[in-house]
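Chemist: Quick one: the structure is below, and I'll ask about it shortly.
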Amino acid sequence: MSKENSSEKKLEGRIATVEQAVKLLTELALSANERMVDLEEAQANSERKIAALADAQIRTEESLARLSEAQAHTDHRLDALIDIVRRQINGDGQV
């Protein structure tokens, strides 16, 4: 084998190695891009769920505030009823 032939074979081997590296890098870039798209979709889905949870929390807090007001009103009416019953028991007779 001549020196020139040997150099050509080495060069061809290096070119083949570079071609394989470029092919691998292209595949890796495509794979990374696909994963990025998947991550973007997952993030958007998470953001929608967080927004729904925040809305649910706001509605729950509003419901609790209304419930608290209703409970206070009920307590007031129960206190009035207890006063009436006590007066009846004590013989005041005033209703």
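Chemist: Quick one: would you say I58 is in a helix (DSSP H, G or I) and loosely packed, with under 10 Cβ neighbours inside 10 Å?
Modeler: no
Chemist: Tell me, please, whether a residue that is among the β-branched types (V, I, T), within 19 Å of the chain's Cα centre (by Cα) and part of a helix (DSSP H, G or I) can be found in region 38-50.
Modeler: There is at least one residue in region 38-50 that is among the β-branched types (V, I, T), within 19 Å of the chain's Cα centre (by Cα) and part of a helix (DSSP H, G or I).
Only the coordinates and a few stated rules stand behind these numbers; no lab work does. Since the model is a prediction, treat every value here as computed from it, not as a measurement. FYI the Cβ positions are ideal-geometry reconstructions off the backbone, even for glycines, and counts take in every protein chain you see.
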